[in-house]
Structures are given as structure tokens and as C-alpha cells.
1. Say the dipole of the stretch 1-269 comes from +1 at the beta carbon of Lys and Arg and -1 at that of Asp and Glu; which of L217, F233, H175 then lies farthest toward its positive end?
2. Normalise the Debye intensity by I(0) for the stretch 250-409, one equal point scatterer per Cα, no solvent, then take log10 at q = 0.08, 0.09, 0.12 Å⁻¹ and round to two decimals.
3. Between S205, S299, S117, which gets the highest mean-square fluctuation from a Gaussian network model of the chain, Cα cutoff 10 Å?
4. Cut-off is 10 Å between beta-carbons; in what order do V290, V297 appear when sorted fewest neighbours first?
5. What dipole magnitude, in Debye to the nearest 20, does the chain give about its Cα centre under +1 on Lys/Arg Cβ and -1 on Asp/Glu Cβ?
6. Once both labels are modelled 7 Å past Cα along the beta-carbon direction, what's the A51-C277 spacing in nm?
7. Ignoring everything except DSSP H segments at least 4 long, calculate the 222 nm mean residue ellipticity for the chain; use -39,500 (n - 2.57) per segment, divide by total residues, nearest 500.
8. Between K349 and N78, 0.36 nm times their residue separation minus their Cα-Cα distance comes to what?
Amino acid sequence: MNEKKPRIDRRQLLKGSLALGLGLLTPRGLWANDSSTVTLPFERGRRPLVALPQKRPLMVLATRPPQLETPFHIFNENIFTPNDAFFVRWHLANIPQEIDVNTFRLTIRGRVNKILSLSLEELKTQFDQVEIAAVCQCAGNSRGFFQPRVPGVQWGNGAMGNANWKGIRLRDLLHKAGLADDALQIRFDGLDQPVAQVTPDFRKSLQLDDALQKEVLIAHSMNGESLPMLNGFPLRLVVPGWYATYWVKMLNDIEVLNQADQTFWTTDAYRLPADPCHCVKPGEALTSTVPMGKTPVRSFMTNVEEGQTLPGGKPFTIKGIAFDQGYGIDRVLFSMDGGQQWQSARLGKDYGDFSFRPWEAKFIPEPGHAYALQSLAINRIGETQRFDARWNPHGYLRNVIETVNIHGT
Ligand SMILES: Nc1nc2c(c(=O)[nH]1)N[C@H]1C(S)=C(S)[C@@H](COP(=O)(O)O)O[C@H]1N2
Ligand SMILES: [Mo]
């Protein structure tokens, strides 16, 4: 193993800087020490920009545990979100500050024929290594835009990212362990822990059929590098097409269950209204719920901002991105008049069915005119974005057609 030196450097870096960085962060300190901020187009949308370990300055929504949002211009500059700009979301404040890569083990246990305990070296050398481009999007991405407002982390549109994930297929590992005949669900747990005993440990489960899909990976790298600590070093589950809550970080324990998972993060959290719209009238209580699932189709314009002015009389190319749960994007339509008339956008390079798909559309703003720019993505099975914003009490699943108001000068 000739990786010895980088490994030690890495450990020292992480030990020192992660502890230091997170220790110094207090909400008041952030405002006092840092003058740069981003203001999102909703009430109380001002966010300080702060660099945590292995990260460039990102929008800080909370510090303990860290919640970081990717400033939106990053999506215009990169179809693959750089690791140091990738958003960060944790539920529990007790996150390991240091991982010893030599003693770390991933365990597979429960309803298996053989319990496995594998080192990182074994995972990287004894299994097929596969890579997939996929979008990781928080279920609460864009929650800040909900009207009426809902409680929870007030994300703009940057609680998502697209990366090339590399690792081993979950199903290869499950086959190696051997599933018992009564295996029903697979439960995933990471190294992070609650601070208080009353908070349940963060664990998520998948139905066996979903877990056995070929694109579900246990990833050790992201865009060609090890995962950043804050994005789950050394291993994370990658479940393309599914909301990020299932993408368990710092994954160290996989348990095969022969009954439905009855723990808090499955039974009580990340639930949607059961109706097909997954919405209720504002204020209405939820009667029956279903677990969070896959991500509906979305698109964004990436090179225009709310309230921006554009030089009149000159052609302007709107750039954007679109993605869905993995059928792939069939078409993106663009409107400059709030959705009365639509033109076809030109799709850019296809990086795979689970990736961001770039698109662009041209138009000529006239001086003195106001425009309500919109984009509408349609996937390969004909699903579209919503024309009206759905509402649910946790602010999940936003995929309404977005509008950016601009005017020509
Ligand atoms: N171990 C662990 N994994 C986790 C979480 C967590 O709190 N602990 N949060 C999940 C949620 S809700 C999201 S949105 C994603 C965020 O992934 P990121 O921080 O790499 O962007 O991690 C998921 N995996
Ligand atoms: Mo999330």
C-alpha cells in the first residue's frame, strides 16, 4: 500500500481542521467576522458565506450540526458540483471529527448467511468498482419558497448537487453476505450520533427490491476524490433518483431486516401526505402518510437572477439544468411571458439518466420590457413539473415551474 503518506496527511488535516472549524462557529461569530452574504428572494433569506473544512465559502443556515447551501451560480459554472461546493446537511450534532481509515469497518449483519466486516481496502479491491453520475437532492430543497412558510431548514434551491459517484454496488455486497429467505428491508446507519439520548440515531431503510437495483452504490469517492468529511467520508450510500435522506453518510452498518423498519426516521420523519399530489391545503393536518421516495422532474435557469436587468436589443442565451428520478430528460421548454407561449430549449450533453442535463434557450430582451422567464422540463415518460406549487407541512417535493423576473434596459 503506497497510499500511506497521503493517508496520514489527510488524517492530520481532518483532525485539526474539522475540530477547529466547527468549534469556532457560533451564529453570532459568523455575522461579526464575515461581511460577505447571499440574500435569497424570500423573507429572512440573508445568509453568511463561510468556509468550513474542505469547503469553499458556502451559505450557512445552521452550524450545529452544519447545514450549508451551495450558492446558485455554482450550478451555472459546473454541471458536476465541485466537492468543496457541495451542500451539507446533517441531523445529529455528534459527527466524528476524525476517521481512522486503517481500523474503519463496514458491517453487514442481520438476516444474512454470513456476517461481513470489511475494511476500505477490501471494499476497493474485492468488488467491482462502478461510477455513476447522479443528483443528490434534499427532500426539503427550496423549502424557503413555500407559501405559507413552513418550519424546517429554510433552503433556497441549492440543497442539491450533481456528482460522479464511485464505489461498489450494494447488491454485490448483499450477495456476498447472502440474504436469508425472509429478508424484507435493508437498514443503513452511519457513524454520526445524537448528542442527547432522547434523539433517535439517524438510520434509513430501503425495501429489498429498491436496494437491489444496480445503480445503488456504496460510494467511496465523488468526482474522482475521496468524499469530503462533511459529505460522509469514508463511505456513503448513493441511491440515484431517490431523495438524499436515503443517501446515508459515514455508512458503517448495514442490517438486513425481516420486518418493516420501525425506527423514528422511517416511521415518523420524512413522510408525505398519502394522496397522489403529496399535498394538503395549508394548515390542514396530515391524516395518512407515505414514506419519502424519488425526486420529481425539475428544471432551473442558472444564469439569471430575480430582478436582474439584461441589455435590451441583444440576443441573450438563458442557460439551465434539468433532472428527474432517472427516466432522463426528454425536453425542456422555455417561456419569457410567464408560461403563455413556450419554445423548445436545446438540450446539452447527456451525462446519464440520473445526472443534471444542461440546456439553453435564446431570446432578445427589448429595452423597457419586463419578462417572466420560466422553464418546464418533461421526462421520457411524459412527466412534467407542476404548474402550481404543492404545499405540505414539511416543505417537501417542490417542483413547480420556477419564474425569474427580469427586465431589458
Ligand atoms: N449519517 C447521516 N447520513 C445522512 C444524513 C444524516 O443526518 N446522517 N442526512 C441525510 C439528508 S436528509 C441529506 S439531505 C443528505 C445530505 O447529504 P450531503 O450533506 O452530502 O449534501 O445526507 C443524508 N444522509
Ligand atoms: Mo435532507
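1. It is F233, whose Cα lies furthest towards the positive end.
2. -0.33, -0.41, -0.66
3. Highest fluctuation among the options: S117.
4. V290, V297
5. Working: 46 positive and 41 negative charges, 121 e Å.
With only Lys, Arg, Asp and Glu charged at Cβ, the dipole is about 580 debye.
6. 4.7 nm
7. Numbers: 7 runs with 55 residues, N = 409.
So the calculated ellipticity at 222 nm is -3500 deg cm²/dmol.
8. 96.3 nm
Throughout, read-outs are computed from the coordinates displayed, never taken from laboratory work. Small disclaimer: the values here were computed from a predicted structure and weren't measured. Ideal geometry is used to build each Cβ from the backbone, glycine not excepted, and the neighbour counts take in all protein chains shown.
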